[in-house]
1. Determine the equivalent ellipsoid of segment B:240-281 by diagonalising the alpha-carbon gyration tensor, then write out the semi-axes as square roots of 5 times the eigenvalues, largest first, rounded to whole Å.
2. Sorted from shortest, what are the nm distances separating the label point of A:Glu391 from equivalent points in the other copies, each placed 7 Å from Cα along Cα to C-beta?
3. Give me a single rounded figure for A:225-235: the average over its residues of other chain Cβ atoms within 10 Å of their Cβ.
4. Sequence neighbours fewer than 8 away in the same chain don't count; with that in mind, list the lysines whose C-alpha is under 23 Å from B:Lys324.
5. Could you pull out the GluC sites (Glu not before Pro) across segment B:194-285 that fall in loop regions by DSSP (anything but H, G, I, E, B) with no more than 11 other Cβ atoms inside 10 Å?
6. Could you state, as a whole-number percent, how many of the C-alpha pairs of segment A:191-300 are farther apart than 25 Å?
7. Based on the Cα gyration tensor of segment A:1-63, what are the three equivalent ellipsoid semi-axes, each the root of five times an eigenvalue, rounded to whole Å and given largest first?
8. I'm a student and want to see the number: the projected area of the Cα convex hull of segment B:173-226, averaged over all directions, in nm².
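Just so you know, all these numbers are worked out from the coordinates, no wet-lab data involved. Please read all numbers here as calculations on a predicted model, not as lab measurements. Positions of Cβ are backbone-derived with ideal geometry, glycine not excepted, and every protein chain shown enters the neighbour counts.
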Number of protein chains: 2
Amino acid sequence: MAEEWMGYLEANQPRFREELLDLLRIPSVSTDPEMAGEVRRAAEWVAARLRRAGMTDVRLLETGGHPAVYGEWLGAPGRPTVLVYGHFDVQPADPLHLWTHPPFEPAVVEGRVYARGATDMKGNLLLPIIACEALLQTEGRLPLNVKFLFEGEEEIGSPHLGPVLEQNRDLLACDVMVSADGGMGTPERPEVWLGPRGLVGLQINLRTADRDLHSGNGGLAVNPIHALVRLLDSMRDAEGRVTVAGFYDRVRPLTPAERAEIAAAALPLEEFRRTTGTRGFFGEPEYTPYERASARPTLEVNGIWGGFTGPGVKTVIPCEAHAKITCRLVPDQSPAEIREKLVAHILAHTPAYAEVSIEHLPGEADPYLIPPDHPAQRALVRVLTRLTGREPRVTRGFGTVPVMGLVKRVLGAETITLGVGQSDERAHAPDEFLRLASFERGQQAFVMLLAELARAL
Amino acid sequence: MAEEWMGYLEANQPRFREELLDLLRIPSVSTDPEMAGEVRRAAEWVAARLRRAGMTDVRLLETGGHPAVYGEWLGAPGRPTVLVYGHFDVQPADPLHLWTHPPFEPAVVEGRVYARGATDMKGNLLLPIIACEALLQTEGRLPLNVKFLFEGEEEIGSPHLGPVLEQNRDLLACDVMVSADGGMGTPERPEVWLGPRGLVGLQINLRTADRDLHSGNGGLAVNPIHALVRLLDSMRDAEGRVTVAGFYDRVRPLTPAERAEIAAAALPLEEFRRTTGTRGFFGEPEYTPYERASARPTLEVNGIWGGFTGPGVKTVIPCEAHAKITCRLVPDQSPAEIREKLVAHILAHTPAYAEVSIEHLPGEADPYLIPPDHPAQRALVRVLTRLTGREPRVTRGFGTVPVMGLVKRVLGAETITLGVGQSDERAHAPDEFLRLASFERGQQAFVMLLAELARAL
């Protein structure tokens, strides 16, 4: 039996690749209001692809924002049901000038496809669809019931996903969720995730006057950039610990076993340095960089701007300055708790000569961790072990996937993660790419996962 | 006699205003390479205007950058010679959306002309030209020899002015210089300047990796914005003193008499607050805001940028971050000395995880102060006293006019300053304007100044 679906995957690989390139050509940038039509076009593309794979009841779920896509195959009554999750929206492509090829004209070079969304996550999105198609075409059935939920707002923090889950509780009811939004390490070094960190973000706007002033007024006019750099610097100490009061209060302490697990899963720092050009490491000295990136919360300034930023000189004292900050959260922190603590810090550290306004950024998400002994998680471990011949390391996701916390809360289901993105593939950055070998291996992994889950659940 | 030139000014005021609007329509933004043709067009406009006023030997002085303009009237052999200085270039107009009227389509509203360059300093530039025209048309001669030197690079720090002075020592030789680039307070509260502050500026570029990274890597990836805010914040203490080692070493201490002079010349802070919307005051607590702005050096961040600055969220850790800083200098600081101290501070405060590169910004200038008892300065005081019926306060310029330090060094001449800009006229900011009453009063002031200088020198 196994040979049949394997043969199908092999025989149809050229078509699957063309489909991937097709999907990558759609600039479905969810954060840009002008691209809303493109995000919808991607939704319709995905719906058509689900139908072609043999899914039924395929439809767009309107959200008030970008639509989600639903599809199902429920031909195994009495068997368990898995809900497959992914997203078809992508990050903005700027700065455009740093791309070797235009971000929405996918280029295949030496076994890699370069495009915005290649690794995050249009490649991953196709894997479970192709896996179901292969099984239906060769075996006429799936080993268990499968539902698909793809959203178009993941990169803006899934603002309508909660309502979609709540309004479609019955439709989306499942025994376990499989998120395709993630990685599995490399074939040489497979990994399974326990879950992502959470997220909360704020934009800080400081204003010191009604209008920009000539910098000759310096000493008399006050400067909001000075207030901003002082405020931002007050949020961490000289060694990189976050100094916002209470920030670490609800962080679960790491056990020695967990620290050993993180150490075992960690890539050599030299490897990260080589693939990113990172000049050095810095942060809470009590923790290793990989502990800091997975089991510790962070506070990052994602953007800062104010005053004259063009070429040459403009001797100006601006009247406003801005920064965007986001925190990655870990159990048992919550977005509301940390938001409140950040706001208190910002208000307490804004000098009297500046006015502050604080905007909540979209994308708040709870941190999530699956219990490592959950049957679905153990099934995933078996699949990766068989696929790669190696026992996968257990790891924690550095990033944020809001859906897991939401699905746990609304549908009561735990989530396992299977995708093929690798950490050097420039997610969210110029020259994002996906290895085509991963694309093919991921299709096999999903077929195997469906069988393992059918046995395990 | 006085009535004759007064009558001429009155009769021709409509034409002079049209000329001012004509000149304001030329977008002579010297910092923008694409506007080079417009800066040259302004130079040619000024040259034509000098010829029309009766100047001889009018010509463009090529500099390798934007041209300067020379003209002269040397019909008073044996009498002293004054060199009139000004500039016909302007600041960039961005941010454009904050302008009520387009910046290069001058709008006359309620006795004010709104346009980029109105107060800084196309209005001022016309004053001495019109004054000479009025005298030549009504009296057939000037009371002393006059030379004009207008440059097109003041707003980018006069990079070619030194060479122009050096290459034209004989042509520009003079007994005293009159800079039209400045103000005279208000009619109710006239002021004379002793001289401007100096300037030195640097751009700081920090890099932590080869490319931007997903902020999910936070804790592992390092953030250049964190390094930049810490570095910038390290340059001043909690009360606003500059902490760069040796920064104040060469600052001349203020005498009690000078402090009294500054206090007497200072506008009420409430007035500054009202006209600028400034929310508060902050800086070296040992000095008043007006002392800080005139007799103390400053270190201002004029611009900062890094990471994602668009609408919405982009969860990125950027690989680079930038800031532009300028210092206003006072006697006896020098640009080279302060530049060296800033560079040492930046290198010492850049963390090991970031690479720094430092660019020198154009516009370095020495601070300058004219001796208050210089005969030309006393002549200026007499003119303002007669014109306004009030004794002018003695004040120090907040801003920078590089020409004064250069002229002192190359031509050996001191400089007095007469212009009509007022501090609320939004130099360098959106909705810059000039009061038309000032424009007319300034023409009279220049006629009177020529006569006073002829007697005094």
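1. Whole-Å semi-axes of the equivalent ellipsoid: 26, 19, 6.
2. From this label point to the equivalent ones elsewhere in the assembly: 9.4 nm.
3. Mean shielding by partner chains, rounded to a whole number: 6.
4. A:Lys314, A:Lys324, B:Lys341
5. B:Glu239
6. Pairs farther apart than 25 Å: 43 percent.
7. In descending order the semi-axes read 28, 16, 7 Å.
8. Averaging across all directions leaves 9.6 nm² for the Cα convex hull.
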